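Student: Provided herewith is a single structure, encoded as C-alpha cells, for subsequent inquiry.
The values are calculated or read from the model by the stated rules, or taken from the named source; none is laboratory data. The model shown is predicted, which means the values in this text are computed figures rather than measured ones. When we count neighbours, we look across all protein chains shown, and the Cβ atoms used for this are built from the backbone with ideal geometry, even at glycine.
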Amino acid sequence: MPLPPISESQIRQGAAAESFARGLAYYQSGAVGQLLLRGDALQTEVEGSSYAPYRVTVRLGPGGILAASCTCPYDYGGWCKHIVAALLAYQRAAPGDVAQRPPFAELLAGVERERLVALLLHMAEHDPAVADLAEQFLAASAPPPAAGVAASPEQHTPADLAAFRRTLRSVFRGAGRYEYDSYDVSDGIVSALEPLAEQIRALVDADDAERALPLLDVLTAEYSEQWVQYDDSYGNLGDFFDTLGGLWAEALLMADLPRRERATWQRRLDELGASAAEYGVEGLDLALIAAEEGWDAPGLAAAMGGDPDDAGALHANLSRLLLPTRLLVLERKGLLREALNLAAAAGMHSERALLLVRMRRTAEAAQLARELFQTATDALALAQALRERGDVAAALAVGEHGLGLAEPRAALAAWLADLAAGQGRVELALRAGEEALRAAPELGLYRRIAELAGPAWPPLRERLLDAQRHPASPWQHISGRIDLFLHEGLIDDAITLVSSNPASNELGRVMDAAVATHPDWVISTATTKADGIAEAGVAKHYAVAVEWLRRARAAYQAAGHAEQWASYLQALRARHARKRNLMELLNQLERSRP
C-alpha cells in the first residue's frame, strides 16, 4: 500500500529550530531503527543518550501528522529530536524501507475468545501495566444496572490518611537539602507532589469522593502549613494552589453533596486557604465557589434541562469561573445532554461544539461554528477535534471559516495550510499559508508554500517578502523575518531589520551571513561592539568582545584587507594593554585559525 505522505516543512513546523537540527543529525548518523507502519501508526526506536533506545510513535492521517510522542523526557515545546529523526527517516524512506502491518483491530478480528484471553494473560505476564489498563477499561465500560434494579453500593477501603501524611512530610524533609532561595527547592517540591495529586485525581475521575476529599484535605492542610517556609520568587509553590483548587472543585461537584455538608467543607477551605490568601494567592477560590454553589444554584437546573427562559437567572447566580469544571463533571457522569444545554445557556459556544464532536455529532458542531463562533482560536480547537474524529471535510470547512474571524489567526492558518495541502486543496492551502506567514513568519511553512505554489510562486513570494518588510508590528517576529530574508539571500533587508531593532539577539547571525557581501558593514558594526566592551572594562564581558572581533577579522579578510585588520588589532592592544584578561583572549584569537 502507498505510504501516507508527509513533507519536510511539516516536520520543521512541529519542532523548534534546534530540535530539527539535532534530529537531522541523529537521522544522518543512522540512529533511527526499523520503521514500522501499523495502520495509521508509525513506530520506531531512536538511539539517544540513554542506554536503551527511545520509542517514537506517530499517528498519520489525512493532511499529514496527527500526533507524535516519544518516551524521552523532553518537554520544552514542539517535537523532540528523536521524533524529528524518525519523521525524517520516514519522509526520506525508499520503497520497501517501511515495514507495513495490518491495524491492531484487524489483527484481532476473528480470533476466538480463548486465544484472546491467552494473549492478554501473556501480555500481562510480561508487562504488569497491561493488567492495570485492562482493569481500568473494564471498570469504565461496565454496563449500567438494568432498569428497576438498584446497583449495590461499591465498598471502598478507607484511605490511609496517616500513611499519606507521612509521604507528604517526607517530601518537605527532602526539600531541606536545598538552599532556601534555590529554584530547585520549589520545583522539586511541586514535582514530588504532582504524583500524589494525580492519585487523588484518579479517585475523582472514578467518582470516589468518599476517599478523594479526605486525601485532598490532608494534602492541602500539609501544603498550606509548609509552603511558606520556602522562597517562592518563581511562583511555583503559589501556582500549586491552582492545582489543588481545581481538584477540590471537581471532587465537590462529583460528590453532589447536600448544602449542609458543602457548608462544612466551605469553612474548612477558608481555613486551609488562609496562608495562601496572606500572600495574595487565590488558588482555592474555585473550590470555595464549588462548595457555595453546588448543583442547586438558582437557574442551574432549568438551564441544564434546556429551559432558555432561565438563562438570566443562570448568569446572575452562577460563577462563570466554575462553568468549565461543571461541563467536565457532567460529561464524566455521562450527562451529555445536560452539559450541552448548560453550555448553550452560558453562551459557551466553543465548549458546546467540542461536546458535539465527542458525541459524534460533527455536522451540528460545524454548523454551530459557522453561526456563532467569533474567534479563530475557537475555530482551530474545533477543526483539530473534527480532524481527530476523522471528519476532514468538516475540519477544512471550519478552518476556512475561521480565517475570517477575529485574530490571532496565525496558528489556525498554519495548521489549515498543512491540512489543505494534504487534501489537495492547493488554493485554500496557499490562502491560509499567506495569512499565517503575514502574521507569524516561519521558514518551514514558507518552504511548504513555495512547493505548493508552483508557477504562482514568484508574485506570491514578492507579496510575502514585502509583508515582512512592512509588518503591522515592526518589533515582532524579528527572528522569523530574518529567517526568510537570509533564506532568500536578501542581506540588505536583514541588515535593515537588525539595525532598526538594536535590542534584537539576531545581529550575530546576520553578520555571519553578510561577511562576503557586506564586509564593510560587518567590520564597522563588529568593531564598534568590541570597542565598547573593551572601553567599559568589565572583564566578564571580554569573551563577547572577542566573538565580535572574530567576525570583524573574517570581514577584513573577505574584503582583502588583512593589513588593516592587523593595524586595527595593534591599536586595540595599545589602548588596553593593562587589561590582562583581554590581552590573553586576544592572544588566543590570534593563535586560532580564521
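Student: Which residues, counting only those in the range 271-292, are touching a residue at least 12 places away in the same chain (Cβ under 8 Å) and within 18 Å of P214 (Cβ to Cβ)?
Tutor: If the condition is that a residue be touching a residue at least 12 places away in the same chain (Cβ under 8 Å) and within 18 Å of P214 (Cβ to Cβ), then L272, G273, L284, A287, A290, A291 are the ones that fit.
Student: So for the range 363-385 (the condition being among the hydroxyl-bearing types (S, T, Y) and under 30 Å from A291 (Cα atoms)), does at least one residue qualify?
Tutor: No, every residue in the range 363-385 fails to be among the hydroxyl-bearing types (S, T, Y) and under 30 Å from A291 (Cα atoms).
Student: May I pose another question? Residues that are surrounded by fewer than 16 Cβ atoms within 10 Å (Cβ to Cβ), more than 22 Å from D207 (Cβ to Cβ) and either of a type in the set (D, E) or not assigned by TED's automatic domain parsing to the domain that holds R201 (or both): does the range 325-345 have at least one?
Tutor: No - not one qualifying residue is present in the range 325-345.
Student: Might you check whether a residue that is part of a loop (DSSP other than H, G, I, E, B), aromatic (F, W, Y) and out of contact with any Ser or Thr (no Cβ under 8 Å at 6 or more places or on another chain) occurs anywhere in the range 467-481?
Tutor: Yes, the range 467-481 contains at least one residue that is part of a loop (DSSP other than H, G, I, E, B), aromatic (F, W, Y) and out of contact with any Ser or Thr (no Cβ under 8 Å at 6 or more places or on another chain).
Student: Something else about it: Just checking, how many residues over the range 53-66 are under 16 Å from the mean Cα position of the chain (by Cα) and free of Cβ contacts under 8 Å to residues at least 60 places away in the same chain? If you could, list the steps in order and put the result at the bottom.
Tutor: The initial filter retains those residues of the range 53-66 that are under 16 Å from the mean Cα position of the chain (by Cα), namely 65-66.
Within this subset, residues satisfying the condition of being free of Cβ contacts under 8 Å to residues at least 60 places away in the same chain are 65.
The number of residues fulfilling the criteria is 1.
Student: Let me ask something else. Has the range 535-552 got any residue that is basic (K, R), surrounded by fewer than 19 Cβ atoms within 10 Å (Cβ to Cβ), at pLDDT 95 or above and within 40 Å of the chain's Cα centre (by Cα)?
Tutor: Yes: the range 535-552 contains one or more residues that are basic (K, R), surrounded by fewer than 19 Cβ atoms within 10 Å (Cβ to Cβ), at pLDDT 95 or above and within 40 Å of the chain's Cα centre (by Cα).
Student: Would a scan of the range 442-459 turn up a residue that is loosely packed, with under 15 Cβ neighbours inside 10 Å, aromatic (F, W, Y), in contact (Cβ under 8 Å) with a residue 24 or more places away in the chain and not assigned by TED's automatic domain parsing to the domain that holds A559?
Tutor: In the first step, residues of the range 442-459 are kept if they are loosely packed, with under 15 Cβ neighbours inside 10 Å; the result is 451, 454-456, 458-459.
Imposing the further condition that a residue be aromatic (F, W, Y) reduces the set to none.
No, the range 442-459 contains no residue that is loosely packed, with under 15 Cβ neighbours inside 10 Å, aromatic (F, W, Y), in contact (Cβ under 8 Å) with a residue 24 or more places away in the chain and not assigned by TED's automatic domain parsing to the domain that holds A559.
Table: residues versus (1) surrounded by fewer than 12 Cβ atoms within 10 Å (Cβ to Cβ); (2) within 31 Å of the chain's Cα centre (by Cα); (3) touching a residue at least 60 places away in the same chain (Cβ under 8 Å).
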{"position": "A89", "(1), (2), (3)": "no, yes, yes"}
{"position": "A109", "(1), (2), (3)": "yes, no, no"}
{"position": "L120", "(1), (2), (3)": "no, no, no"}
{"position": "M123", "(1), (2), (3)": "no, no, no"}
{"position": "H126", "(1), (2), (3)": "yes, no, no"}
{"position": "A131", "(1), (2), (3)": "no, yes, no"}
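Student: Tell me which of these G560 doesn't satisfy, since it passes every other one: (1) closer than 15 Å to V522 by Cβ; (2) crowded, with 16+ Cβ neighbours inside 10 Å.
Tutor: Exception for G560: condition (2).
Student: Next up: When the range 70-87 is examined, which residues are found to be in contact with a Phe, Trp or Tyr (Cβ under 6 Å, 6 or more places away or on another chain) and touching a residue at least 40 places away in the same chain (Cβ under 8 Å)? Let's see the steps before the verdict.
Tutor: Filtering the range 70-87 down to residues in contact with a Phe, Trp or Tyr (Cβ under 6 Å, 6 or more places away or on another chain) leaves 70-72, 80-82, 84-85.
The answer is C80, K81, H82, V84, A85.
Student: Are any of the residues in the range 22-34 of a type outside the set (S, T, N, Q) and closer than 25 Å to E388 by Cα?
Tutor: no
Student: Hey, can you tell me all the residues within the range 429-460 that are of a type in the set (D, E, K, R), within 23 Å of the chain's Cα centre (by Cα) and under 20 Å from V84 (Cα atoms)?
Tutor: E442, R448
Student: Just wondering, is there one or more residues in the range 573-581 that are under 30 Å from L486 (Cβ atoms) and touching a residue at least 12 places away in the same chain (Cβ under 8 Å)?
Tutor: No, because not a single residue in the range 573-581 is under 30 Å from L486 (Cβ atoms) and touching a residue at least 12 places away in the same chain (Cβ under 8 Å).
Student: Same structure, new question: Which members of the range 205-255 meet the condition of being charged (D, E, K, R) and at pLDDT 90 or above?
Tutor: The answer is D217, E222, D242, E250.
Student: List the pairs whose first member sits in the range 209-229 and is in the same structural domain as A274 (by TED's automatic domain parsing) and in contact (Cβ under 8 Å) with a residue 60 or more places away in the chain, whose second member is of a type in the set (A, V, I, L, M, F, W, C) and assigned to a helix (DSSP H, G or I), and whose Cβ atoms are under 6 Å apart, counting only residues at least 6 apart or on separate chains?
Tutor: As it stands, the answer is T220/L244; T220/L272, since those pairs meet every condition given.
For every residue, the table says whether it meets (1) surrounded by fewer than 24 Cβ atoms within 10 Å (Cβ to Cβ); (2) at pLDDT 95 or above; (3) over 18 Å from Q13 (Cα atoms); (4) in contact with a strand residue (DSSP E or B) (Cβ under 7 Å, 6 or more places away or on another chain).
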site	(1), (2), (3), (4)
R360	yes, no, yes, no
E364	yes, yes, yes, no
A379	no, yes, yes, no
G390	yes, no, yes, no
A413	no, no, no, no
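Student: Taking A15 as the residue in question, decide whether it is without any contact (Cβ under 8 Å) to a residue 40 or more places away in the chain and among the hydrophobic types (A, V, I, L, M, F, W, C).
Tutor: The answer is no for A15.
Student: Hey, another quick one. Can you tell me which of (1) surrounded by fewer than 19 Cβ atoms within 10 Å (Cβ to Cβ); (2) free of Cβ contacts under 8 Å to residues at least 40 places away in the same chain; (3) under 21 Å from the mean Cα position of the chain (by Cα) is the one L403 doesn't meet?
Tutor: (3)
Student: Continuing with the same structure: I'd like to know if the range 417-433 contains one or more residues that are touching an Asp or Glu at 6+ places or on another chain (Cβ under 8 Å), surrounded by 21 or more Cβ atoms within 10 Å (Cβ to Cβ) and within 24 Å of A21 (Cβ to Cβ).
Tutor: No, the range 417-433 contains no residue that is touching an Asp or Glu at 6+ places or on another chain (Cβ under 8 Å), surrounded by 21 or more Cβ atoms within 10 Å (Cβ to Cβ) and within 24 Å of A21 (Cβ to Cβ).
Student: Just to be sure, is L386 farther than 19 Å from G14 by Cα and either modelled with pLDDT under 95 or in the same structural domain as G61 (by TED's automatic domain parsing) (or both)?
Tutor: yes
Student: Would you pick out the residues in the range 1-41 that are within 16 Å of the chain's Cα centre (by Cα) and in a loop (DSSP other than H, G, I, E, B)?
Tutor: So in the range 1-41, the residues within 16 Å of the chain's Cα centre (by Cα) come out as 11-17, 19.
Hits for the range 1-41 are A15, A16.
Student: Answer with yes or no whether L419 is more than 25 Å from the chain's Cα centre (by Cα) and assigned to a helix (DSSP H, G or I).
Tutor: So L419 fails the test.
Student: Among the residues of the range 464-486, write down those that are loosely packed, with under 13 Cβ neighbours inside 10 Å and in contact (Cβ under 8 Å) with a residue 12 or more places away in the chain.
Tutor: Within the range 464-486, W475 is the sole residue that qualifies.
Student: Then there's this: From the set of residues in the range 487-513 that are among the small types (G, A, S) and touching a residue at least 24 places away in the same chain (Cβ under 8 Å), which is surrounded by the fewest Cβ atoms within 10 Å (Cβ to Cβ)?
Tutor: In this case the residue turns out to be S500.
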